[in-house]
Amino acid sequence: MLLSRESKEVVIIGAGPSGSIAAALLHQQGVKALVLEKATFPRFSIGESLLPACMESLKAANMLDAVNSAGFQFKNGAAFNWQGQYTAFDFTDKFSLGEGTTYQVQRAQFDKVLADEAERQGVEIRYQHEILSVDLSSDSPVLRVKDEHGLEYDVEAKFILDASGFGRVLPRLLDLESPSCLPPRKAIFTHIIDNIEDEEYDREKILVSVHPTSKDVWYWLIPFSNGTCSFGVVGEPEFFDRYPDNHLEALAELASEEPRLNALLSKADYPNPSGTIGGYSANVSTLATKQFALLGNAGEFLDPVFSSGVTIAMKSAELSVAALLRQLNGESVDWQSEYAEPLLKGVDTFRCYVEGWYKGTLQDVIFYPSPDPKIKQMICSILAGYAWDTDNPYVKNPERRLNTLAEICAAE
């Protein structure tokens, strides 16, 4: 059977945050991008605690008003808890310029807000359209697509942006997967009705708690505006072997093991099914060529501990679109130096702090009782998502600075 064939300037795989923002940014410049999304929206996703740096990307895509009007939980910082020690970071008291507040969001609603806003701006999104194969043998890539009725068709494009998130469409189809330098970890999670009555509990911050006896195991508690929370636990896969069947029971039991969470969640209800992801850290052999670029989690995912996933996704959308517009204008673009390396500067900064968290060096810094205010502002900027601000010494030389600071904190 002869398949139908279309021609588009740009095809974007996935209508999540990076895909919707990239499409909107291209549309602003007169480039019509076709977005192909396998799922229907709304659909569940984790990555619910945004960072203030995301707001800069939303502004650039003219989506901030839509997000501000959606009723999400206001967020102004992050709090950390371990063995009775509690410390908080106020994202408005940071080193880097830029927004200092953001939201904690149910991703099903948040992603739909962005996708709907992209469509309102004029972007075409086709839901339930799955990418079956990609042919890069000519200058213009060709995608084989299956629609919601099971019919197949081809789309020829000048360029492909893969914003497929954990689906990692192009890495899977083009054999680009590469081992992550981070060890495998597992997360179990659910949405709870928290019933928190403690008046001192700050719903405007994500709460990251460290397991009292296993410092490489940590909990997230992300409050939403409707009295519910996203609650999850992260650890090495072996840690969860004692809970082979019922992760809801595991979550409740693990909450009881941490004194602060035990008090906060003493009346919590667990009415929703649990979810799990394992071996989620991922890498690729290449992030971009003259035919495609990988955005966000399609290229690399680190770890949920500092909520960097959506920030990296949005930043990758901005950087890729800037380079792509030059290429579509006839300019020669070095995708390695003009996209991959700038993106990886921030990713590598986040990676350094993720590694420091699990080594314990960053925990020594975070729970240090008498931090230097200026240094805390610099660390706060990274926690707020400003991991590309090389004016910040803790971004410019993250590993050396963090290790030196941790040694000082541990020695005192």
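Looking across the stretch 280-329 at every residue that is farther than 22 Å from H27 by Cβ and of a type in the set (D, E), the one that is modelled with the highest pLDDT is identified as D303.
Scanning the stretch 366-390 for residues that are of a type in the set (A, V, I, L, M), part of a helix (DSSP H, G or I) and buried (at least 21 other Cβ atoms within 10 Å of the Cβ) yields a total of 5. You will find that of L302, L264, L254, the residue that is crowded, with 20+ Cβ neighbours inside 10 Å, under 23 Å from L207 (Cβ atoms) and in contact with a His (Cβ under 9 Å, 6 or more places away or on another chain) is L254 and no other. Out of the residues in the stretch 22-68 that are open to solvent by less than 10 Å² (accessible area, probe 1.4 Å) and of a type in the set (S, T, Y), which is farthest from A108 (Cα to Cα)? Residue satisfying both the conditions and the ranking: S57. Against the test of being more than 30 Å from L170 (Cα to Cα), open to solvent by less than 60 Å² (accessible area, probe 1.4 Å) and either touching a His at 6+ places or on another chain (Cβ under 9 Å) or at pLDDT 95 or above (or both), the options Y270, Y339 yield a single qualifying residue, Y270. Just one of the listed residues (T286, T311) is open to solvent by less than 10 Å² (accessible area, probe 1.4 Å) and of a type in the set (S, T, N, Q), namely T311.
Every residue, every condition in (1) surrounded by fewer than 22 Cβ atoms within 10 Å (Cβ to Cβ); (2) assigned to a strand (DSSP E or B); (3) within 24 Å of the chain's Cα centre (by Cα), yes or no:
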residue: P184; (1), (2), (3): yes, no, yes
residue: A187; (1), (2), (3): yes, yes, yes
residue: N195; (1), (2), (3): yes, no, no
residue: D216; (1), (2), (3): yes, no, yes
residue: Y219; (1), (2), (3): no, yes, yes
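Taking the conditions exactly as written (of a type in the set (S, T, N, Q) and in a loop (DSSP other than H, G, I, E, B)), does S230 satisfy them or not? Answer is no for this residue. For the stretch 37-47, the criterion of a residue being farther than 17 Å from V113 by Cα and touching a residue at least 12 places away in the same chain (Cβ under 8 Å) is satisfied by at least one position.
Residue-wise test of (1) at pLDDT below 95; (2) among the small types (G, A, S); (3) in contact with a Cys (Cβ under 9 Å, 6 or more places away or on another chain).
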{"residue": "R351", "(1), (2), (3)": "yes, no, yes"}
{"residue": "Y358", "(1), (2), (3)": "yes, no, no"}
{"residue": "W388", "(1), (2), (3)": "no, no, no"}
{"residue": "K396", "(1), (2), (3)": "no, no, no"}
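Cβ-Cβ distances below 9 Å connect no pair with a first residue in the stretch 238-261 that is over 17 Å from K186 (Cα atoms), a second residue that is in a loop (DSSP other than H, G, I, E, B) and among the acidic types (D, E), and a separation of six or more residues or different chains.
Working only within the stretch 391-401, note down all residues that are touching a helix residue (DSSP H, G or I) at 6+ places or on another chain (Cβ under 7 Å) and open to solvent by 60 Å² or more (accessible area, probe 1.4 Å). If you could, list the steps in order and put the result at the bottom.
Step one: list which residues in the stretch 391-401 are touching a helix residue (DSSP H, G or I) at 6+ places or on another chain (Cβ under 7 Å), which gives 392-395, 398-399, 401.
Hits for the stretch 391-401 are E399, R401.
Given the structure, is D175 in a strand (DSSP E or B) and under 30 Å from V142 (Cα atoms)?
Working: in a strand (DSSP E or B): no; under 30 Å from V142 (Cα atoms): yes.
No: the conditions fail for D175.
Selection of the stretch 238-285 for residues being among the charged types (D, E, K, R) and under 22 Å from P183 (Cβ atoms) yields E238, D241, R242.
Taking first residues from the stretch 99-113 that are assigned to a helix (DSSP H, G or I) and partners that are of a type in the set (G, A, S) and open to solvent by less than 20 Å² (accessible area, probe 1.4 Å), the Cβ contacts under 7 Å between residues at least 6 apart in sequence or on separate chains come to D111/G16.
For the stretch 7-21, a residue qualifies if it is at negative phi and open to solvent by less than 50 Å² (accessible area, probe 1.4 Å), and the qualifying residues are V10, V11, I12, I13, A15, G16, P17, S18, G19, S20, I21. Among the conditions (1) out of contact with any strand residue (DSSP E or B) (no Cβ under 9 Å at 6 or more places or on another chain); (2) open to solvent by 50 Å² or more (accessible area, probe 1.4 Å), the only one that L114 does not satisfy is (2).
Matching residues to (1) at pLDDT 95 or above; (2) open to solvent by 50 Å² or more (accessible area, probe 1.4 Å); (3) farther than 22 Å from S230 by Cβ; (4) touching a Cys at 6+ places or on another chain (Cβ under 6 Å):
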residue: A79; (1), (2), (3), (4): yes, no, no, no
residue: A108; (1), (2), (3), (4): yes, no, no, no
residue: G122; (1), (2), (3), (4): yes, no, yes, no
residue: F166; (1), (2), (3), (4): no, yes, no, no
residue: L170; (1), (2), (3), (4): yes, no, yes, no
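For the stretch 22-69, give me each residue that is in a helix (DSSP H, G or I) and among the basic types (K, R). Walk me through it before giving the result.
Of all residues in the stretch 22-69, those in a helix (DSSP H, G or I) come to 22-28, 53-60, 64-68.
Selection gives K59 alone.
The values are calculated or read from the model by the stated rules, or taken from the named source; none is laboratory data. These numbers come from a predicted model, not from an experiment. No Cβ is skipped: glycine too gets one built from the backbone with ideal geometry, and neighbour counts run over all protein chains shown. Just the protein is used for accessible areas: all its heavy atoms, side chains included, with ligands, DNA and RNA removed. Shrake-Rupley method; radii C 1.70, N 1.55, O 1.52, S 1.80 Å.
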